[in-house]
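Report on the structure given below.
Nothing in this text is a laboratory measurement; each read-out follows from the coordinates by a stated rule. Predicted model only: the values in this text are computed from it and were never measured. Positions of Cβ are generated from backbone atoms using ideal geometry, with glycine treated the same way; all protein chains shown enter the neighbour counts.
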Amino acid sequence: MVARRSDDGSFANAGDGALYRSTDGAERWTRIPLPQGVNGPNGLAIDPQDSGRLYLATWGRSIPQGAEDGGIYLSTDAGATWRPVLAQDQHVYDVTIDPHDSAVLYGAGFEASAWRSSDRGLTWRRIPGFDFKWGHRVIVDPRDPARIFLTTFGGSVWYGKAN
């Protein structure tokens, strides 16, 4: 993944981020099309039970009213097509699959929110108690899967209940 974005709010230009895949041990790379309107991919998670099921965390493009085309997208065909599954947070930095249960996902955003899905990304619920700006990454507690660590760009770590 090339994680960058064009700052002017445009997309489909040289300043966009990109997503690539290799099927031959990294000898050759093929570009995977980003979802329409997306220019800022940030994080990618691959379902360990289905390698064609991809979750893409994206940063929304700037528009006069705020941002658009950010959030989390789902592909069930290895990136050939995408559909948005979380749009409430337009600035999602990362998406994490729970290593104990691949149906459980987490998203960390910059809009003072963290998200949890228990149905493979079809519906999302905000995680209560986390209200810090600039969430970075969710890590499931290896000793207690009912709790998570959430790192922030401020250098802090929040620890709390996963749901």
Inset, instruction - Go through region 54-163 and tell me which strands (runs of 3 or more DSSP E), entirely inside it, have 1 or more residues that are under 14 Å from ASN42 (Cα atoms) and within 14 Å of the chain's Cα centre (by Cα). - result: 54-58, 71-75, 92-97, 105-109, 135-140
Inset, instruction - Considering each residue of region 9-47, count those that are more than 19 Å from LEU74 (Cα to Cα) and of a type in the set (Gly, Ala, Ser), and give that number. - result: 8
Inset, instruction - Could you please find all residues in region 149-163 being out of contact with any Lys or Arg (no Cβ under 8 Å at 6 or more places or on another chain), in contact (Cβ under 8 Å) with a residue 12 or more places away in the chain and exposed (fewer than 12 other Cβ atoms within 10 Å of the Cβ)? - result: SER156
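Taking region 57-107 as the region of interest, how many residues are on the phi < 0 side of the Ramachandran plot, of a type in the set (Gly, Ala, Ser) and crowded, with 23+ Cβ neighbours inside 10 Å?
4
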Legend entry - Top-ranked residue in region 5-50 [being part of a loop (DSSP other than H, G, I, E, B) and aliphatic (A, V, I, L, M); ranked as surrounded by the most Cβ atoms within 10 Å (Cβ to Cβ)]: VAL38
